[in-house]
Each structure stands twice: as C-alpha cells, then as structure tokens.
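Structure record follows, encoded as structure tokens.
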Amino acid sequence: MPVYALGERVPSIHPTAFIHPDAVVIGDVRVGAESSVWPSAVLRGDYGTIIVGERTSIQDGAVVHAVAEFPTVVGSDCVVGHLAHLEGCTIHDGALVGSGSIVLHHAHVHTGATVAAGAVVRNRTVIPDDALAVGVPATIKEGASDRASIAHGAALYVENARRYQRELREL
C-alpha cells in the first residue's frame, strides 16, 4: 500500500485500520482503530495534520488535505462518501459527508449532521448537530439528518473493512 513519510511527517495508522492497496497516505496523517481508507482515496498531510478517528470510512476517490493553519479532523463513526473533498475542516463524530461534496477551511460539520451529495460547504460554515446541508453553496436544514442511518453506514464499512482484510487478494 502506498503509505509515505515526507521528511519528518510520518503517518500513524492503527493496526486494525484498513488502508486499501490503491489508496495513498502521505505525511502527517493519523488513522484510528477500525477505520478504512478505500481505493483511490488520497490523504495528504504534507502541509498540515489530518486526523481520522475510529470506525470512520474514507471512501473511494475522496481527497483529504490540510494546510498548516487548518488541520483536517474527521471524528469517529463518520462516513465520508465517494469523491468527497475535505480541506482544513472539522467533521465531528457521527457525521456523514456525502459523495461528491466539498467541505472547506474552518467549516464544522457537527455530530449527527449530513452534508448531502454534491453540496459545497464554504469556509467557516457551521452545520449544527442533526442538520442537513444541501446545495451549492450549502444551505442548512435544521433537524433533517438521520443519525441512525449514519450509524448504520459507519458500522457497515467497519464490517466491509474486516471482510477485505480477510479476503482481498491480488490476482
């Protein structure tokens, strides 16, 4: 798997985490227990720090980057969908970032919140607990997220990562 140090910036990956062989992890990136990083995802901690909590999935093609002034933090039990882009933001525990969405500098997606597929969350935007962010730029719909669905998705990816750890083989 392509996991790289960059000078003094060295990734820290929990032994129970799953990093797909076609994902790329570079620099100051920390991945927690039972989390997963899927094919073509890139976590590039070259300028700043990236922290991924426990039981969180970073799905296919997602790009996670940080700059020196803005670390990127993704909490535990989160789902980051296919082709999402996170940069310099904080995704709190139990949140979902939908496929193809973008979350930018100093934005906060709070517990139980959802960023809808294709939404763009601009700098310094705060998505409150259990809210849904939709559109470009994202608008907030209070109380419209579904914590149970997010928890189900996070658990599903923990199980899928275990399956891949047991069964994936190159042909």
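Val103 meets each of the listed conditions (1) under 21 Å from Ile58 (Cβ atoms); (2) out of contact with any Asp or Glu (no Cβ under 6 Å at 6 or more places or on another chain); (3) free of Cβ contacts under 8 Å to residues at least 40 places away in the same chain; (4) surrounded by fewer than 21 Cβ atoms within 10 Å (Cβ to Cβ) apart from (4). Once segment 43-62 is narrowed to residues that are without any contact (Cβ under 8 Å) to a residue 24 or more places away in the chain and over 22 Å from Pro15 (Cα atoms), the residue that is farthest from the chain's Cα centre (by Cα) is Tyr47. Working carefully through the options Asp77, Asp93, find the one that is at pLDDT 95 or above and either under 12 Å from Val37 (Cα atoms) or buried (at least 22 other Cβ atoms within 10 Å of the Cβ) (or both). Result of the check over Asp77, Asp93: Asp77.
Kindly check whether there is at least one residue in segment 34-43 that is surrounded by fewer than 22 Cβ atoms within 10 Å (Cβ to Cβ) and among the aromatic types (Phe, Trp, Tyr). For segment 34-43, residues surrounded by fewer than 22 Cβ atoms within 10 Å (Cβ to Cβ) and among the aromatic types (Phe, Trp, Tyr): absent. Consider segment 8-29 and keep the residues that are among the charged types (D, E, K, R) and touching a Gly at 6+ places or on another chain (Cβ under 8 Å). The one that is surrounded by the most Cβ atoms within 10 Å (Cβ to Cβ) is Asp28.
For every residue, the table says whether it meets (1) closer than 22 Å to Ala161 by Cβ; (2) not β-branched (Val, Ile, Thr).
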| site | (1), (2) |
| --- | --- |
| Val29 | yes, no |
| Glu34 | yes, yes |
| Ala41 | yes, yes |
| Val73 | yes, no |
| Gly81 | yes, yes |
| Gly98 | yes, yes |
| Leu104 | no, yes |
| Ala119 | no, yes |
| Thr125 | no, no |
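Can you spot a residue in segment 69-88 that is under 21 Å from Pro21 (Cβ atoms) and either free of Cβ contacts under 8 Å to residues at least 12 places away in the same chain or acidic (Asp, Glu) (or both)? No, segment 69-88 contains no residue that is under 21 Å from Pro21 (Cβ atoms) and either free of Cβ contacts under 8 Å to residues at least 12 places away in the same chain or acidic (Asp, Glu) (or both).
Here Ser12 meets each of (1) of a type in the set (S, T, N, Q); (2) out of contact with any Lys or Arg (no Cβ under 8 Å at 6 or more places or on another chain); (3) over 25 Å from Ala117 (Cα atoms) with one exception, condition (2).
Go through segment 102-120 and give me each residue that's among the hydrophobic types (A, V, I, L, M, F, W, C) and not in a strand (DSSP E or B). Lay out the reasoning, then the answer.
Our first condition is that a residue be among the hydrophobic types (A, V, I, L, M, F, W, C); within segment 102-120, this holds for 102-104, 107, 109, 113, 115-117, 119-120.
Answer for segment 102-120, where residues must be among the hydrophobic types (A, V, I, L, M, F, W, C) and not in a strand (DSSP E or B): Leu104, Ala107, Ala113, Ala116, Ala117, Ala119.
So, Phe18, is that one touching a residue at least 24 places away in the same chain (Cβ under 8 Å), within 27 Å of Ala148 (Cα to Cα) and more than 9 Å from the chain's Cα centre (by Cα) or not? Yes, satisfied.
The values are calculated or read from the model by the stated rules, or taken from the named source; none is laboratory data. Keep in mind the model is a prediction, meaning the values are calculated, not measured. Cβ sites come from the backbone with ideal geometry, for glycine too, and all protein chains shown count toward neighbours.
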